[in-house]
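Q: Handing you this structure, nothing more for now.
The values are calculated or read from the model by the stated rules, or taken from the named source; none is laboratory data. Note that the structure is a prediction, hence the values are computed from the model and not measured. All Cβ positions, glycine included, derive from the backbone under ideal geometry; neighbour counts span all protein chains shown.
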Amino acid sequence: MSRMTPLVQAFLKYGKLAECPIYDLHTHPDRFAGIFFPEPDMDGILRSMDRCGVAKIAIAPHTALLAPLDGNKLTFAMLAAHPDRFLGYLVFNPRYPENLDTLLARSLETPGIIGFKIHPSMHDYPLIGDAYQPLFAWANAHRQLVLSHTWADPRCDAAACRRVSEQYPEMIFLLGHSCWGDFERGIALAAEMPNVYLELTAAEHVPGFIEQAVRGVGSAKIIFGTDLPWFNPHYTLGCVLFADIEDADRHAILHGNAERILDISALPTS
């Protein structure tokens, strides 16, 4: 049960945290087949961010997950429109390895690109497969960030993540969903490997997970993410605020860790 700490009190009074900027490093703007999102476009995403006090988000549009060359163009457009609010991932589909060189070049040329998003389950290609290795080697050489979908799925479970993180120890490796369904091994991996971080999307609402993760790996290795627009930022923020952890842990999760690994300065919330 969360105690009435200063951050909890401020949130209950104002509905946002003016003294605690929030960085969301897992979002997917744009529509998606088979589901209705009230505000999936850029302006709607910005309204949601403002309501919840989110300073910056890192984006990988749904379109990019399905058609990376076209979808990544939306990332470039959003970064150009609001460079103060958006950071970007380039999505790489290992089924089209011939696109990688172009993506690597764009990642260096485009302000606001912080790394790559991969989805082994959606693309039906294992993390340890050959087509991913040039990306990982490049990210390792440049100490670049890779956010991967991770799950209790042999293509992207904790065992696969361990092999990748051990082979590429300089690549900053975000375990999207914290190896959902394989939490214990995901936490153990993040605790052992300096380059591996847990990311909260969908894991945060599992009762006790945030407390378990803070005990097991420490709040300095946990990244705030929401899957916006799949989940409202207030939902994930509430899970962090009302977990039985300290305000220092909340500051680390909500902004401090992102500021450190991305070398960005805190921004005031809107």
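Q: Look through segment 106-131, keep the residues that are of a type in the set (S, T, N, Q) and in a loop (DSSP other than H, G, I, E, B), and return whichever of them is nearest to Asn93 (Cα to Cα).
A: Filtering segment 106-131 for residues that are of a type in the set (S, T, N, Q) and in a loop (DSSP other than H, G, I, E, B), the one nearest to Asn93 (Cα to Cα) comes out as Ser121.
Q: A further question on this structure: I'm checking my understanding of the structure. Among residues of segment 95-149 that are polar (S, T, N, Q) and within 14 Å of Ala60 (Cα to Cα), which one is surrounded by the most Cβ atoms within 10 Å (Cβ to Cβ)? Spell out the reasoning first.
A: Initially, segment 95-149 is screened for residues polar (S, T, N, Q), giving 99, 102, 107, 110, 121, 133, 140, 144, 148.
If we keep only those that are within 14 Å of Ala60 (Cα to Cα) too, we end up with 107, 148.
Numbers: Ser107: 21, Ser148: 24.
So, considering only residues that are polar (S, T, N, Q) and within 14 Å of Ala60 (Cα to Cα), the one surrounded by the most Cβ atoms within 10 Å (Cβ to Cβ) is Ser148.
Q: Sticking with this structure for a sec: Can you tell me which residues in segment 3-15 are in contact with a helix residue (DSSP H, G or I) (Cβ under 6 Å, 6 or more places away or on another chain) and assigned to a loop (DSSP other than H, G, I, E, B)?
A: Thr5
Q: Hey, another quick one. In segment 45-62, is there at least one residue being small (Gly, Ala, Ser) and surrounded by fewer than 19 Cβ atoms within 10 Å (Cβ to Cβ)? Can you show your working first?
A: Our first condition is that a residue be small (Gly, Ala, Ser); within segment 45-62, this holds for 48, 53, 55, 58, 60.
Narrowing further to those that are surrounded by fewer than 19 Cβ atoms within 10 Å (Cβ to Cβ): none.
Taking every residue of segment 45-62 in turn, none turns out to be small (Gly, Ala, Ser) and surrounded by fewer than 19 Cβ atoms within 10 Å (Cβ to Cβ).
Q: Here's something else I'd like to know. Considering every residue within segment 72-85, establish whether at least one is under 26 Å from Leu237 (Cα atoms) and under 14 Å from the mean Cα position of the chain (by Cα).
A: No: segment 72-85 contains no residue that is under 26 Å from Leu237 (Cα atoms) and under 14 Å from the mean Cα position of the chain (by Cα).
Q: For segment 36-68, which positions are assigned to a loop (DSSP other than H, G, I, E, B) and out of contact with any helix residue (DSSP H, G or I) (no Cβ under 9 Å at 6 or more places or on another chain)?
A: Phe36, Asp41, Ala67, listed by residue number.
Q: Looking for something assigned to a loop (DSSP other than H, G, I, E, B), modelled with pLDDT of 90 or more, basic (Lys, Arg) and closer than 30 Å to Phe92 by Cα - is there at least one such residue anywhere in segment 22-35?
A: Yes, that holds for at least one residue.
Q: Now for a different question. Pairs please, first residue from segment 9-32 and over 14 Å from Ile253 (Cα atoms), second anywhere and assigned to a strand (DSSP E or B) and of a type in the set (D, E, K, R), Cβ atoms under 9 Å, 6+ apart in sequence or on different chains.
A: The qualifying pairs are His28/Lys117.
Q: Ok, one more. Check Glu259 against each of (1) crowded, with 21+ Cβ neighbours inside 10 Å; (2) farther than 25 Å from His119 by Cβ; (3) in contact (Cβ under 8 Å) with a residue 60 or more places away in the chain and name the one condition it does not meet.
A: (1)
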